[in-house]
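Here is the structure we will look at.
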Amino acid sequence: MTKQFNGKIALDIRDSVPDWEPYAEPKAPKGSPNILYIVIDDTGFGAWEMFGGKIKMPNLDRIAKKGLVYTNFHTTALCSPTRSSLLNGRNATSNGMSCIEEATSGFPGNNGRIPFENALIPAVLGERGYNTFAIGKWHLLPEEEANMAASKRNWPLGRGFERYYGFLGGETDQWYPDLVYDNHLIEPPYGPDMRDRENGYHLSKDLVAIP
C-alpha cells in the first residue's frame, strides 16, 4: 500500500474503521475520450484521401475529422516494427523490432520482444482506469511464443489489453483462421460456405461483427 491509511485501528475490531480507498480500481476522469487505433497493413499516408491520396475512404475520413491527425510519424514500411512504434511511441529498434517477427535474429534491436520498460499504450491506459480491447492481427511476439505451451507474456493480455480476439501471427487463413480469444485458441464460430459467401464465415465479417 503506497497511500496513507485514513481509517482507524482500535484495540477492538468493533471500534475500528477500514479504509478501502487505496485498493479501489482506478477510474478514468469524467469526460475522458474514447481512444481508437486502426492499423491497416501494406499502405501508407499517400494512399488515403484524408492525407491527399486518391483512395476514397469515407468512413475513415469521417473518423479522422472527429479526432486528431498527425503527419510526422516515420513508418518503417513493415508491419511489426510500425505497429510496435504506434503502440508506445518508441523507435522500432528500441522495441527490438527492426524487422518483422518471422525474421528475428537474436541481435540487439532485432529480437522480436518489446522490453517491458517500453510500456504499450493499453498498459498505461489501464492504470488510468480505461478498459482496453484489441481485435485482429497482433504480430508482436516471436513465432516460438505463439502456441499454448509458450509464455503468454507477449500476448495482448500480457501487454496491457484486457480482452483480445484475433490472430497472433503475421497472416492467417481468412476462412479457417487461427483464432485466439483472450489467452486461448478457439475454433471459428461457424464455417465458410463458398457457395453462399454472404452467410458463410469470413474473418473480416467476424471481426467487424464484434459489439
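Please pick out the residue among R90, R113, R83 that is of a type in the set (D, E, K, R), without any contact (Cβ under 8 Å) to a residue 40 or more places away in the chain and at negative phi.
Working: R113 fails: without any contact (Cβ under 8 Å) to a residue 40 or more places away in the chain; R83 fails: without any contact (Cβ under 8 Å) to a residue 40 or more places away in the chain.
Of R90, R113, R83, the one residue that is of a type in the set (D, E, K, R), without any contact (Cβ under 8 Å) to a residue 40 or more places away in the chain and at negative phi is R90.
Out of F107, F5, F45, F116, one residue alone is at pLDDT below 85, aromatic (F, W, Y) and out of contact with any strand residue (DSSP E or B) (no Cβ under 8 Å at 6 or more places or on another chain). It is F45. The set of residues in region 31-67 being open to solvent by 80 Å² or more (accessible area, probe 1.4 Å), of a type in the set (S, T, N, Q) and outside any helix (DSSP H, G or I) consists of N34 alone.
Of everything in region 8-30 that is more than 37 Å from the chain's Cα centre (by Cα) and assigned to a loop (DSSP other than H, G, I, E, B), the residue that is nearest to F73 (Cα to Cα) is P18. In this structure, G191 does not qualify as touching a Lys or Arg at 6+ places or on another chain (Cβ under 7 Å) and either open to solvent by 30 Å² or more (accessible area, probe 1.4 Å) or more than 17 Å from S84 (Cβ to Cβ) (or both). For region 58-80: of the residues being within 30 Å of A103 (Cβ to Cβ) and modelled with pLDDT of 85 or more, which is farthest from the chain's Cα centre (by Cα)? Across region 58-80, the extreme among qualifying residues is L60. Of the set (1) within 27 Å of P26 (Cα to Cα); (2) surrounded by fewer than 18 Cβ atoms within 10 Å (Cβ to Cβ), all apply to F161 but (2).
The values are calculated or read from the model by the stated rules, or taken from the named source; none is laboratory data. Predicted model, so just to flag it, every value in this text is computed and none were measured. A quick note on method: Cβ atoms are made from the backbone with ideal geometry, for glycine too, and the neighbour counts reach across all protein chains shown. Remember, those area values only see protein heavy atoms, side chains included, never the ligands or the DNA or RNA. Shrake-Rupley method; radii C 1.70, N 1.55, O 1.52, S 1.80 Å.
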